[in-house]
Amino acid sequence: MQRVFLSHSSKDKDSYVRIVANKLIEKLGEDSIVLDELTFQEGRRIIDEIKESLKTTDLFVIFISDNSENQNIKKIIEELNNNQIEYIFNNSN
């Protein structure tokens, strides 16, 4: 079973991240999606949840928007590199 990690700004969750997540859940099942509100355990540090989830992730999707500017994208990319996960960076400017 493939697992898809959805990384996003919390400000974007209602506008489109949940829409994408729900479509993926319909196609792949809830166990195939890593989304904070569905997967992360309450009380644990987010960075620990991310690191643990990346160990079982086949595809990492990062939603970058104007809301992401204040998020620490470099830390996420560094963590991806540390876990030797292949990624594609698409700059649509």
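The values are calculated or read from the model by the stated rules, or taken from the named source; none is laboratory data. Small disclaimer: the values here were computed from a predicted structure and weren't measured. Here the Cβ is made from the backbone with ideal geometry for all residues, glycine too, and neighbour counts use every protein chain on show. Each accessible area value is taken on the protein alone, full model and side chains, heavy atoms only, with ligands, DNA and RNA left out. Shrake-Rupley method; radii C 1.70, N 1.55, O 1.52, S 1.80 Å.
So is L6 in a helix (DSSP H, G or I), at pLDDT 80 or above and in contact with a strand residue (DSSP E or B) (Cβ under 7 Å, 6 or more places away or on another chain) or not? Working first, answer last.
Numbers: in a helix (DSSP H, G or I): no; at pLDDT 80 or above: yes; in contact with a strand residue (DSSP E or B) (Cβ under 7 Å, 6 or more places away or on another chain): yes.
Answer is no for this residue.
Out of E86, E42, E78, one residue alone is more than 15 Å from Q2 (Cβ to Cβ), at pLDDT below 80 and among the charged types (D, E, K, R). It is E78.
Somewhere in region 17-39, is a residue modelled with pLDDT under 75 and open to solvent by 70 Å² or more (accessible area, probe 1.4 Å)? Talk me through it step by step, then tell me what you get.
In the first step, residues of region 17-39 are kept if they are modelled with pLDDT under 75; the result is 37.
The next check asks that each one be open to solvent by 70 Å² or more (accessible area, probe 1.4 Å); those that pass are 37.
Yes, there is a match, as at least one residue in region 17-39 is modelled with pLDDT under 75 and open to solvent by 70 Å² or more (accessible area, probe 1.4 Å).
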